[in-house]
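Worksheet: the structure to be examined is printed underneath.
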Amino acid sequence: PHPSLARYTPYLAIELARGLRKAADQELREAGFTWPDFLVLTIVTAVDGLAQEAVCDRTGVDRSTVSGITRDLEHEGLLDRRNDGLDGRQVTCFATPAGAAAAAEAARAMDRTARTQLRLLDTRERARLHALLARALGARRA
C-alpha cells in the first residue's frame, strides 16, 4: 500500500479484511458452503439447541436468510430443526454428527485461510493479531 494510505489503521484493516474474506469465500466454496452457511453452522455446532432467532442475533445474518440456511442444512443432514415444545412457533437448531464434522472442516479451512493470508506473520504474531482484533471488537476467544 502507498504510504499515504498505509498510515491509516482503517485502511489497513479494511484491506486485510477484504483479502481474508475473498480467500475465506474461496475456501468455503470449495467445501460447498457460503460465508453465511459457515456462520450459522459454526454457531449451531457451538451452542446446540439454539433458537433460530438467537442464531440471527449471534451471526448478524437476517432472519429470512437464516431460515433458508437452516432448512438447507437440515436437508443436507447437517442439522436438525425442532419446534419448541412450549411455543410451536420457535424453532431450535441442533448440529448432527455430520454437521459437527462439516463445521470442524470449515474451521480448518478458516485456519488455513488465516495462515495463508497472514503468511508474513509468524504463529505468535498471528495469535497476537487475533487477540488484538477480538479485544478491539469486544469479543473473547472461545
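Only one of the listed residues (Ala95, Ala101, Ala114, Ala109) is out of contact with any helix residue (DSSP H, G or I) (no Cβ under 7 Å at 6 or more places or on another chain) and closer than 23 Å to Pro36 by Cβ. That residue is Ala101. Summed over segment 48-84, the residues that are more than 18 Å from Ala102 (Cβ to Cβ), among the hydrophobic types (A, V, I, L, M, F, W, C) and out of contact with any Ser or Thr (no Cβ under 7 Å at 6 or more places or on another chain) give a count of 2. Taking first residues from segment 72-92 that are at positive phi and partners that are surrounded by 15 or more Cβ atoms within 10 Å (Cβ to Cβ) and modelled with pLDDT of 95 or more, the Cβ contacts under 9 Å between residues at least 6 apart in sequence or on separate chains come to Gly77/Thr96; Gly77/Gly99. In the condition set (1) within 19 Å of Ala24 (Cβ to Cβ); (2) part of a loop (DSSP other than H, G, I, E, B), Arg89 is compliant with all but (1).
Residue by residue, here is whether (1) touching a Pro at 6+ places or on another chain (Cβ under 6 Å); (2) surrounded by 13 or more Cβ atoms within 10 Å (Cβ to Cβ); (3) farther than 20 Å from Thr59 by Cβ holds:
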position: Arg89; (1), (2), (3): no, no, yes
position: Cys93; (1), (2), (3): no, yes, no
position: Ala107; (1), (2), (3): no, yes, no
position: Thr113; (1), (2), (3): no, yes, no
position: Gln117; (1), (2), (3): no, yes, yes
position: Asp122; (1), (2), (3): no, no, yes
position: Leu129; (1), (2), (3): no, yes, yes
position: Ala134; (1), (2), (3): no, yes, no
position: Gly138; (1), (2), (3): no, no, no
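Is segment 99-116 home to any residue that is within 30 Å of Pro10 (Cβ to Cβ), basic (Lys, Arg) and in contact (Cβ under 8 Å) with a residue 24 or more places away in the chain? Checked against the condition, which is being within 30 Å of Pro10 (Cβ to Cβ), basic (Lys, Arg) and in contact (Cβ under 8 Å) with a residue 24 or more places away in the chain, segment 99-116 yields at least one hit. Does Gly99 satisfy being under 22 Å from Ala46 (Cα atoms) and not in a helix (DSSP H, G or I)? The answer is no for Gly99. The set of residues from segment 69-86 being assigned to a loop (DSSP other than H, G, I, E, B) and at pLDDT 95 or above comprises Glu76, Gly77, Leu78. What number of residues in segment 1-16 are of a type in the set (A, V, I, L, M, F, W, C) and surrounded by 12 or more Cβ atoms within 10 Å (Cβ to Cβ)? Final tally of qualifying residues: 3. The residues in segment 23-72 that are in contact with a helix residue (DSSP H, G or I) (Cβ under 7 Å, 6 or more places away or on another chain) and either of a type outside the set (D, E, K, R) or surrounded by 15 or more Cβ atoms within 10 Å (Cβ to Cβ) (or both) can be counted, and the count is 31.
The values are calculated or read from the model by the stated rules, or taken from the named source; none is laboratory data. Predicted, not measured: the structure shown is a model, and the values here were computed from it. Heads up, the Cβs are rebuilt from the backbone with ideal geometry, glycines too, and the neighbour counts pull from every protein chain shown.
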